[in-house]
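J.: Okay, here's the structure, questions in a sec.
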Amino acid sequence: MSFNINNVIRKNIKELSPYSSARSEFEGKADIWLDANENPFGRDGLNRYPDPLQKKVKSALGKIKGINPWNIFLGNGSDEAIDLLIRAFCEPNKEKILYCSPTYGMYKVSADINAVGIIDIPLQTDFSIDLKNVIDTANREPVKLIFICSPNNPTANAQPIEDIKKIAQNFNGIVIVDEAYIDFCPEKSAISLLKETPNLVVLQTLSKAWGLAGIRLGMAYASEKIIEVLNKIKPPYNINKLTQREALSRLQSNEAFNSIVAEIIWEKKKLREFLQTIPYVNKIYPSDANFLLVEFKDPRAVYRFLVRKGIVLRDRTSYVRNTLRITIGTPRENNRLRQLLSAWNPENLG
């Protein structure tokens, strides 16, 4: 199918005149800044507004990902990009998004906030996408966006990149692939499809493998035309100066990043092997992420026991029956978890 962004973008967004900030109107160097009504007395440059287009951070990311900086949007977490995509392309009370549950809950929340309809086509029993059903439904209904979380939260599995490509090539709307956990995954990133797939958006984040959940920085990689739309409707200074500084600093530490990712993957392997020996564990689902989805005979009893001992897991029983989600911690944290699970006897410890 031939994708034309003008057929997808909302009419009022297409006609929107975006806010022009002082810092977006000037390019170059200056000694005296009297354009933005800032306080002239300040320390560490924090009295000045941040770069509204985060050029240095995008340049660093572009080198790492092998992508042009103008194909990158930065948001206040991936959640901002999710919200802006829905606002830019989905007409409230008329159009819809599509996703495959169980999956990340913010797709539904953002759609509900924006009065956009939802079509949920559940994952199949092996947590794969029902390709034919997704494609047929998306083309039959007023669907503008398809969200695919890969590796998926909470099921931890990645979708084959060829499946993602097939959906995008057979859909006239936009396909958003949420790759928050891609750095732990052997499957290659959907970023590799961007040049041949103009209706694709790939979301990533510094919150997981990069260890920067506290600075709330998410990335959207897409065609220049889609990025232009997101930049058009974002708040003028959506990424603060401290976040940009910390991101730049961390992005220059590739060796440390690779070492930490390898350690998390190794710790996940050890935890999986341990859980396979626990009699009250029914199943451990395959994982391409930094967590394990585990089916217990009595998950809530396990959850309550661990909370009493100071360890918090995520109860996912409302998404996948009888499951808890276990994030891979430090070696010390994982050892403590193993000790407690080894000591717990569901027959008499409750």
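J.: Per the Cauchy relation, a quarter of the hull surface: what is the mean projected area of the convex hull of the alpha carbons in the range 3-61, in nm²?
T.: 6.7
J.: Can you give the translational diffusion coefficient of the range 255-343 in µm²/s, computed by Stokes-Einstein from the Kirkwood radius over Cα pairs at 37 °C and 0.692 mPa s?
T.: For the chosen part, D equals 246 µm²/s.
J.: Within 10 Å, count the other beta carbons around each residue, average over each peptide in 132-141, 103-112, and list them highest first.
T.: Details: 132-141: 15.3, 103-112: 18.6.
Top to bottom by mean Cβ count within 10 Å: 103-112, 132-141.
J.: Order of LYS144, LYS96 from fewest to most other C-beta atoms within 10 Å?
T.: Lowest to highest Cβ neighbour count: LYS96, LYS144.
J.: Something else about it: How large is ³J(HN,Hα) for each residue in the range 308-325, as worked out from phi by the Karplus curve 6.51 cos²θ - 1.76 cosθ + 1.60 (θ = phi - 60°), to whole Hz, x for Gly and Pro?
T.: 4, 9, x, 10, 10, 9, 10, 7, 10, 5, 6, 9, 10, 3, 6, 10, 10, 9
J.: Across 5 Å bins from the origin, how do the percents of Cα pairs in the range 186-233 run, short distances first?
T.: 5, 19, 22, 21, 18, 13, 2
J.: Further question: Just list whichever of LYS108/LYS241; LYS11/LYS94; LYS65/LYS165; LYS108/LYS188; LYS11/LYS225 have alpha carbons separated by over 21 Å in the model shown.
T.: Those over the limit are LYS108/LYS241; LYS108/LYS188.
J.: For the chain, what are Rg and Dmax over the alpha carbons, in angstrom?
T.: 22.1, 73
J.: With contacts defined as alpha carbon pairs under 8 Å and 6 or more residues apart, what's the relative contact order of the range 93-245 in percent?
T.: Answer for the range 93-245 is 17 percent.
J.: Give me the number: length gained by fully extending GLU224 to ARG140, i.e. 0.36 nm times residue separation minus the C-alpha to C-alpha distance, one decimal in nm.
T.: So the extension gain works out to 27.4 nm.
J.: Name the long-range amide H neighbours of ILE176: under 5 Å, sequence gap of 5 or more, or other chain; modelled H, no Pro or chain starts.
T.: Amide H neighbours of ILE176: ILE146, PHE147, ILE148, VAL201.
J.: Also, quick follow-up: Quick one: what are the phi-derived ³J(HN,Hα) couplings along the range 41-55, Karplus 6.51/-1.76/1.60 with θ = phi - 60°, whole Hz, x for glycine and proline?
T.: My calculation for the range 41-55 gives 9, x, 10, 6, x, 7, 7, 9, 5, x, 4, x, 10, 6, 4 Hz in order.
J.: In angstroms, what radius of gyration and Dmax does the range 151-203 have, counting Cα atoms only?
T.: 10.7, 31
J.: Per residue, what volume in Å³ does the Cα convex hull of the range 51-120 take up?
T.: Enclosed volume per residue, from the Cα hull, is 109 Å³.
J.: Relative contact order for the range 36-90 using alpha-carbon pairs under 8 Å, separation at least 6, rounded to a whole percent?
T.: The value is 18 percent.
Every read-out reported here was derived from the displayed coordinates using simple, explicitly stated rules and does not represent laboratory data. Just so we're clear, the structure is a prediction, and the values are computed from it rather than from any experiment. Backbone-built Cβ (ideal geometry, glycine too); neighbour counts: all protein chains shown.
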